[in-house]
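The values are calculated or read from the model by the stated rules, or taken from the named source; none is laboratory data. Source: prediction; values computed, not measured. Reconstructed Cβ throughout: ideal geometry from the backbone, glycine too, with neighbour counts over all protein chains shown.
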Amino acid sequence: MAEIDETELPGVGLRREFTTRGGARLGVITTRTGRRDLLLYDEDDPDTCRSVVPLDEHDSDVLVDLLGGDKVSGAASTLLQLEGLAIDWVRVAPDSAAAGATIGDLRIRTRTGASIAAVLHGDESVPGPGPEVVLPGGATVVAVGALDSVARLAELLGP
């Protein structure tokens, strides 16, 4: 079995890489939004990425099917859902009307039904943020609630 190297990309997602038996280095970045980028590294310099192929959810499913894999595990890596509870990482779009506003001013819980468990921005994190916490553009929030509530929050924080 090949050794898989995993690297957490704060605020982005997770990069997984491995070297095939033939010597090719491949990787996949799975973002918090569920998008995946297929990475192909240079054979002469394994630290240089030669090509990136962006894959939407449909493309990922087709590739998994072609490779004979299981689609369920990929879906579970982005969104955790337990008995009606959804937890997701949602990006505050820089051009969102919500960027720069406080959680209280946006009335997040009232408008969406979701709660913000943490705000991540750069190297800073605010766990259990109060209503006075500002949501900067480009930040990521950890959203908790029913699946439809978290989806409404993602719409509110989007462009």
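Do we find that Leu85 is at pLDDT below 85, assigned by TED's automatic domain parsing to the domain that holds Thr140 and surrounded by 12 or more Cβ atoms within 10 Å (Cβ to Cβ) in this structure?
Values: at pLDDT below 85: yes; assigned by TED's automatic domain parsing to the domain that holds Thr140: yes; surrounded by 12 or more Cβ atoms within 10 Å (Cβ to Cβ): yes.
Answer is yes for this residue.
Tally the residues that are aliphatic (A, V, I, L, M) and surrounded by fewer than 16 Cβ atoms within 10 Å (Cβ to Cβ), restricting the search to the range 135-156. So that I can check it myself, show each step before the final result.
Filtering the range 135-156 for residues aliphatic (A, V, I, L, M) gives 135, 139, 141-144, 146-147, 150-151, 153-154, 156.
From what's left, surrounded by fewer than 16 Cβ atoms within 10 Å (Cβ to Cβ): 146-147.
Qualifying residue count for the region: 2.
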Exercise. When the range 1-22 is examined, which residues are found to be within 18 Å of the chain's Cα centre (by Cα) and among the acidic types (Asp, Glu)?
Worked result: Glu6, Glu8, Glu17
For this session: Kindly indicate whether Leu40 is in a strand (DSSP E or B) and over 30 Å from Ala118 (Cα atoms).
Result: yes
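Report the residue count in the range 19-47 for those that are surrounded by 15 or more Cβ atoms within 10 Å (Cβ to Cβ) and without any contact (Cβ under 8 Å) to a residue 60 or more places away in the chain.
Initial filter on the range 19-47 (surrounded by 15 or more Cβ atoms within 10 Å (Cβ to Cβ)): 19, 25, 27-39, 41.
Checking which are without any contact (Cβ under 8 Å) to a residue 60 or more places away in the chain leaves us with 19, 25, 27-31, 33-39, 41.
Of the residues in that region, 15 qualify.
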